[in-house]
Every structure is written in C-alpha cells, then in structure tokens.
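Let me begin by presenting the structure, written as structure tokens, before commenting on it.
Here, each number is a calculation from the coordinates, and none is a lab measurement. None of these values were measured; they are calculated from a predicted model. Methodologically, a virtual Cβ is constructed for each residue, glycine included, from the backbone with ideal geometry; neighbour enumeration extends over all protein chains shown.
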C-alpha cells in the first residue's frame with residue numbers, strides 16, 4: 001500500500017516579488033520557488049508513517065513552474081519511493097485549487113493509496129481547499145488541520161487541532177485525504193549529497209495532462225500591497241521609546 | 001565466573017586471597033585481577049576510524065596533551081582524548097552531543113604527538129551522522145537549509161548581497177556590471193555582506209581599498225557562501241555544490257588575485273577549491289594591507305587613543321599561518337597601546353564560531369559553563385584593553401554579544417582592524433560607518 005503526498009511549489013517571499021508588466025502575473029524571471037511549507041510537513045508525516053508501517057511514499061505534483069524536479073528529487077532523497085510529475089501546457093500558469101485537484105484526482109485514484117496527505121493550506125490556497133476538493137472528487141473522507149496520524153486496520157486515527165488549544169481525535173475509514181497542519185516532527189534535513197544521488201539514480205514518472213477549461217474567476221490585476229500609513233515609528237533614546245510605548249498602552253487601556 | 005569473586009562497587013575483588021604465602025585478602029587485591037578497562041571492546045573506535053578522513057581517531061594513545069589546550073574543555077567537559085575514552089566505554093560519538101561541540105580550532109592537532117586530526121575527523125563523522133538520517137541541532141539545520149537555498153546561512157535574499165555597496169561612499173565595482181578585468185577580486189562573503197556590523201567593516205575596507213587606489217571588484221549577487229564552515233559541520237555535498245557554482249562564476253571573470261574578508265573563505269580557497277579545479281592566488285585582507293603598509297603609513301594621520309588587544313582567528317592563524325600581518329597593522333595605528341592576551345598566536349583561544357559553531361550557539365551554550373566567546377572577552381578585559389581587535393567576520397557578533405552577556409558593555413568595544421585603519425585614515429568616524 002502507498003501513501004500519496006502532494007507537493008506544490010509557491011513563490012519564495014524572501015526575495016521581493018515583482019509584478020510582470022502585464023499586471024496579471026508575477027515577474028516569473030525574478031521569482032524563485034520553494035515547496036509550500038505545509039506540504040513539507042505532509043511529506044514528513046508520511047515518512048514518519050512509513051517508518052512505523054512500511055508503506056511506500058509516493059510524491060505527486062503538477063509542474064507549473066518547470067522546476068518541480070528539484071522538489072521531487074529532494075523528497076526521494078528524504079525517503080519517498082516514487083515521484084510522479086504531471087506535465088503539459090500547465091507550465092507557466094497559475095492553477096486554481098479546483099483545477100489542481102481536478103488534474104490530481106485521476107492520477108491519485110490510479111495510485112490507489114491508503115492515504116493522501118497534503119498541506120492544510122498554501123499561499124495561493126489560504127482557504128485550504130485542496131484537501132476537501134480532492135476528497136469530494138475522489139469521494140473519500142477528508143479532514144484538515146491535522147497534527148498527528150496513526151494507521152490501523154482499515155482506518156486512520158488523526159489528531160486535529162480545533163481552537164484555543166483543543167484537540168480532536170478522530171478515526172477516518174481509508175482511503176482518506178488529510179490536510180496536514182504540522183507533522184509530529186520538524187521536517188527532516190536531507191544532505192545535498194543525498195539529493196544529488198537521487199538525481200543520478202532515481203527516475204521521475206511523468207503523466208501528460210492538459211490545462212482544464214474551468215469556470216474560475218479570471219484574474220484582472222495584481223497589485224503590490226499599499227501602505228496604510230497607520231504605523232508610527234518611535235524614535236529617540238531607548239528610555240524615551242519605552243515611555244512612549246507605555247503611554248500608548250495606557251491610552252488603550254492595556255496597561 | 002570465578003565463584004570466589006564478589007562484586008563491590010563495580011569492581012571484582014576476592015574476600016580471601018593468599019598469594020605466595022602473603023595474605024592479600026580485602027578490597028585492595030582488586031589490582032591483581034584484570035583491570036576493568038580490559039572488558040571494553042574497540043568496536044566503536046574502529047567504526048569511527050572506518051569513515052574516510054577519520055582514520056587518525058584510532059591513533060590516540062591517551063596522553064591527554066590535547067585536553068588542556070582544547071578551548072571547549074576550558075568551559076566544559078570535552079577534549080579529543082575524552083572522545084576516544086568514551087568510545088572505549090561504549091558511548092558512540094555519532095549519537096553523542098560531543099559530535100557538535102568541536103569548533104575545529106586545531107589547537108589539539110598542534111600538540112598531538114600522534115597526529116590525531118580532529119579537523120578531518122569531525123567533518124567525516126558529522127557527515128556520517130547526517131547521511132544516516134540522525135537529527136541535527138535545529139539551528140544548524142536552518143543554517144544549512146538557508147545556505148542550500150539562498151547561498152548564505154543567514155537566509156537573506158541573494159539579490160541583496162550587494163546592497164551594502166550603496167552605503168560605501170566610494171565606488172565598489174561589481175563585476176557583472178563593469179565587464180572588465182580587475183587586479184583584485186574581493187570575496188566579501190556572507191556576514192560582511194549582510195550582517196550590520198559585518199557591513200560596517202566592509203564599508204571601512206572598501207574605503208581603504210579606494211584610498212590605496214587598488215584595482216578591485218566584487219561579485220555581488222553572483223557570489224555564494226564559500227562553504228567551508230558548512231563542510232566542517234559535515235555537509236560535504238553542500239560544500240561541493242557551492243564550490244562548483246563559485247568556481248563556475250569565477251571562471252567568467254578576469255582577475256589576478258583574490259582578497260578575502262573571511263579567514264574561512266581563505267581556508268576554502270587555499271585548501272579545498274583546488275580539489276575541484278579552482279586554483280587561485282588568495283590573500284587575507286590583513287596580509288594585503290600589511291604589504292601595502294609603506295603606502296598606508298602616510299595616510300594614518302589620526303591619533304587613536306585606544307588600548308587594544310587582538311584575537312587571532314583560528315582559520316587565519318593556526319590553519320593558515322598568518323600571525324604577523326594583523327599585528328603589523330595594529331602597531332602602525334598612531335597613538336594606540338597594544339597588549340597581547342595570554343593565549344595568543346599559535347595558542348590563541350577560539351571564539352567558538354568555527355566548524356559550524358556559528359550555528360550551534362545555543363546548543364553549545366546549554367552544555368558549557370560559559371560560551372567560548374565569553375571566556376575570550378573576559379581574557380581581553382583582564383588585559384586592561386578598551387578595544388578587542390578582530391579580523392574575522394564571525395567574531396564581531398559573537399564577541400559583541402559576549403561583551404553584553406558578561407556585563408562589560410560600554411567598557412570593551414569590538415572592532416575590525418579595517419575599521420580602526422579607516423578611522424586612523426579619517427575615512428570613518430569613531431562610530432560604525434553605518435550605525
């Protein structure tokens with residue numbers, strides 16, 4: 001049996017993002033990509049499950065950046081057994097979460113995994129719709145904000161974070177789709193030598209896909225955030241600054 | 001098992017023993033049995049020595065010369081001899097916190113009669129720990145991930161690597177912009193490009209180079225970390241990737257020599273890059289400026305009323321043999337008083353930043369009585385100095401933090417040699433150029 005992990009690349013915000021002259025896209029020449037942080041946790045959780053049960057881990061992604069190989073080889077180096085890359089005219093486009101789920105669903109059904117793990121959200125999916133949409137398309141049970149998993153016969157026990165520190169333990173029949181908030185351990189380090197070895201020795205399986213025609217909202221304009229002008233910079237000596245902070249806190253009844 | 005033996009405090013002894021007519025009954029006769037040490041196996045020592053580069057681990061004959069000169073033992077319980085002894089008693093270096101405490105300062109190798117070389121052993125064993133998937137300290141993991149992703153351990157944007165240039169106040173040519181050969185390629189490195197106090201020293205050095213009329217240029221955003229400390233922390237693959245990329249970048253430009261700010265880069269270029277096809281004539285900036293002293297002297301016009309002491313960087317001194325150039329520069333500063341610390345030159349103490357220590361600060365601090373940097377600051381204070389002079393970019397942040405944590409803020413300042421020279425030349429004020 002296998003555990004499928006969905007990896008998605010998102011723009012790295014360490015560098016300042018620039019908008020393309022078209023006004024409807026980022027300047028792709030200056031963007032660098034990283035794996036969505038929550039997806040890194042989904043992979044780590046899957047690898048922890050593999051260590052406990054011996055399941056194979058398959059990483060799956062749609063190559064919209066042309067640079068997904070790096071993420072997939074890194075996952076193989078970390079301990080995944082297979083990597084599947086969906087390629088085609090999707091490269092260079094931003095897919096809506098719904099379109100992404102539509103492309104992934106048939107491929108994942110074919111893998112017939114015991115579990116599908118993905119990040120609970122992503123910078124371009126702040127609502128965390130990928131896991132529920134996939135669950136709906138596959139007609140498999142779904143839950144999100146997962147912070148721990150354990151596989152048992154025919155089911156998976158998950159710990160889900162609610163609010164105010166309250167945790168919910170529940171059981172889902174497998175196969176199921178999980179949106180991972182945090183793995184039980186920090187995503188592991190993989191030495192660069194191991195990644196390079198994976199690049200030499202492993203193969204990434206490719207599946208041809210076409211950009212789906214969808215009735216999604218059309219992007220008309222991207223804008224950089226505009227300063228709201230509410231920030232007040234405190235200057236002067238440290239004691240002046242402290243006095244001013246206390247004054248502000250007092251004025252708002254916080255001190 | 002001999003039934004006449006009974007166990008007392010983990011040592012076997014005989015209740016009654018008559019040896020050649022002499023009654024030696026009692027606890028002290030344990031010395032006539034096998035010593036407990038004979039029960040240990042050399043398996044763990046053999047395992048460590050089997051890793052490529054770590055062979056000399058097995059040569060240790062437990063003389064103990066390395067322990068008193070080990071800067072880590074001074075503030076804790078460590079030392080190469082102890083690592084060997086622990087391996088004998090069943091504690092594997094691979095799984096021990098000891099693995100991450102060595103700063104590869106090389107003072108043990110200096111005194112070791114058996115050439116047990118921790119500078120080779122530590123990266124080799126750390127590499128095995130990483131390859132076998134053992135967890136590594138979180139702060140180190142972050143620095144390695146940052147280096148792999150951004151080309152610097154600080155996690156700063158690669159494009160901002162040349163941003164400090166706009167504050168230099170003098171032209172700092174960037175090779176991808178000027179497209180012409182230069183005599184000196186200045187390898188600025190990460191901390192001098194991004195860290196605020198590192199930038200202060202870079203600005204000072206740029207002004208000195210400019211005042212000397214040096215034909216120099218930097219790589220700017222094309223430069224990536226030279227990677228030596230990552231290599232010593234066990235990430236050889238990352239180091240190789242950086243070395244290959246840097247060598248490829250350097251091959252695009254024409255220059256005659258490289259001048260580095262960072263002794264760790266000096267070490268990488270001198271000892272490692274040639275293995276990957278990168279052969280360069282590399283100078284530390286103190287060596288270059290000491291050569292230029294006849295031209296510098298007339299420019300050093302301002303009196304500096306400071307009492308100085310100097311910290312030898314491990315990777316400039318012990319690792320690359322340069323002790324004199326920084327001292328020649330210090331002695332050329334008008335008006336200063338200079339006092340050596342007791343531990344100087346070949347026996348210099350270590351700031352704790354080498355060999356990955358820069359990114360293991362809280363890991364190490366949790367296992368030591370005080371930080372190595374704090375130990376060194378106390379030694380500097382004891383000389384009566386008001387200024388601790390440095391010439392390695394790791395040191396300024398480590399020592400300035402240590403000055404604060406030991407309570408000497410306002411009494412001891414930490415300044416790069418370049419800052420003092422630039423001040424004596426009237427190129428910067430007493431305060432950092434970019435406060």
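Dividing the mean sequence gap of close Cα pairs (under 8 Å, 6+ apart) by how many residues chain A holds gives a relative contact order of 23 percent.
If each residue's Cβ is checked for other Cβ atoms within 10 Å, how do B:416, B:95, A:29 rank with the fewest at the top?
Ranked by crowding around the Cβ, least crowded first: A:29, B:95, B:416.
If you take the square roots of the eigenvalues of the alpha-carbon gyration tensor of segment A:118-193 and sort them as a ≥ b ≥ c, do you get rounded (a/c under 1.5), prolate (a/b over b/c) or oblate? Rounded, since a/c falls under 1.5.
When only alpha carbons are used to place a centre, segment B:136-168 and segment A:186-255 end up 17 Å from one another.
Rounded is the label for segment A:69-142. Its Cα gyration tensor axes, ordered a ≥ b ≥ c, give a/c under 1.5. The DSSP beta bridges internal to segment A:96-234 are antiparallel in roughly 65% of cases.
As a rough footprinting exposure proxy, the listed residues A:62, B:165, A:57, A:13 were ranked by other beta carbons within 10 Å of their own, and the order from fewest upward is A:13, B:165, A:57, A:62. Between residue B:89 and residue A:207, the FRET efficiency estimated from the beta carbon spacing at R0 = 56 angstrom works out to 0.50. Sorting B:41, A:118 from the fewest to the most surrounding beta carbons within 10 angstrom yields B:41, A:118. The per residue volume of the convex hull around the alpha-carbon atoms of segment B:202-311 is 128 Å³.
Geometric descriptor of segment B:43-131, per residue, is 81 Å³ (volume of the convex hull of the Cα atoms). Once both labels are positioned 7 Å from their Cα atoms along Cα-to-Cβ, the gap between residue A:230 and residue B:77 label points is 5.4 nm.
Rounded to the nearest 500, the 222 nm mean residue ellipticity of the protein assembly as shown from helices alone is -10000 deg cm²/dmol, with -39,500 (n - 2.57) taken per DSSP H run of at least 4 residues. For the protein assembly as shown, the share of DSSP beta bridges that are antiparallel, to the nearest 5, is 35%. Equivalent-ellipsoid semi-axes for segment A:1-132 (Cα gyration tensor, √(5λ), whole Å, largest first): 26, 15, 13.
Which angle from 0 to 90°, rounded to the nearest 10, does the C-alpha axis of helix B:118-131 make with the longest principal axis of chain B? Approximately 80 degrees, to the nearest ten. Distance from the C-alpha centroid of segment B:383-435 to that of segment A:95-170: 54 Å, rounded to the whole angstrom. Taking every C-alpha pair closer than 8 Å and separated by at least 6 residues, the mean separation divided by the residue count of segment B:150-291 gives a relative contact order of 27 percent. Dividing the convex hull volume of the alpha carbon atoms of chain A by its residue count gives 193 Å³ per residue.
Residues within the reach of a label modelled at residue B:411 (point 7 angstrom out along Cα to beta-carbon, backbone nitrogen below 13 Å), restricted to segment B:370-386, are B:377-386. Helix A:97-111 and the longest principal axis of the Cα set of chain A meet at an angle near 30°.
Against chain B, whose longest principal axis comes from its Cα atoms, helix B:393-405 is set at around 70 degrees.
Most simply put, chain B has about 20% antiparallel DSSP beta bridges, counting only bridges with both residues inside it.
Under 8 Å for C-alpha pairs, at least 6 residues apart: give me the relative contact order for chain B, rounded to a whole percent.
15
Expressed in units of 2.2 N^0.38 Å, where N is the residue count, the Cα radius of gyration of chain B is 1.14. Each part reduced to its alpha carbon centroid, segment B:75-125 and segment B:333-379 end up 19 Å apart.
Each distinct pair of alpha carbons in segment B:295-424 adds a 1/r term; the inverse of their mean, the Kirkwood radius, is 15.0 Å.
Starting from the Cα gyration tensor of the protein assembly as shown, take the square roots of the eigenvalues, sort them a ≥ b ≥ c, and report rounded, prolate or oblate (rounded when a/c is under 1.5, otherwise prolate if a/b is larger than b/c, else oblate). Here the protein assembly as shown falls in the oblate category. Highest average first, the peptides A:219-231, A:86-98 ordered by how many other beta carbon atoms sit within 10 Å of their residues are A:86-98, A:219-231.
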